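Notes follow the structure.
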Amino acid sequence: MVAATDPLAYQPYGVAYAEVTDLSPCHAALARRAGGRDRPVVAALRCAVRTVRGRPSDT
């Protein structure tokens, strides 16, 4: 499952995608390593998700 623009980004690397047009919207989950909560990249992702979801940042 990737964003609609991902195939364009990875096309030069020979990655092939098949578009599926008849599926209902779905939810996605993201897992992280235990103890990785304070890594800068994880903190930035948490902040971005909270911003999109309209929740205040806790970082």
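Taking 0.36 nm per residue of sequence separation and removing the Cα-Cα distance, the ALA48/VAL2 pair yields an extension gain of 14.8 nm.
Entry note, the chain: the mean residue ellipticity at 222 nm calculated from DSSP H runs of n ≥ 4, each adding -39500 (n - 2.57), is -9500 deg cm²/dmol after division by the residues and rounding to the nearest 500. Summary of packing: across the peptides 42-49, 18-25, the per-residue average of other C-beta atoms within 10 Å ranks them, highest first, as 42-49, 18-25.
Against the empirical curve 2.2 N^0.38 Å, the C-alpha radius of gyration of the chain lands at a ratio of 1.48.
Where a number appears in this text, it was derived from the coordinates with a stated rule and is not lab data. All of these numbers come straight from a predicted model, not from anything done at the bench. Note: ideal-geometry Cβ built from the backbone for every residue, glycine included; neighbour counts use all protein chains shown.
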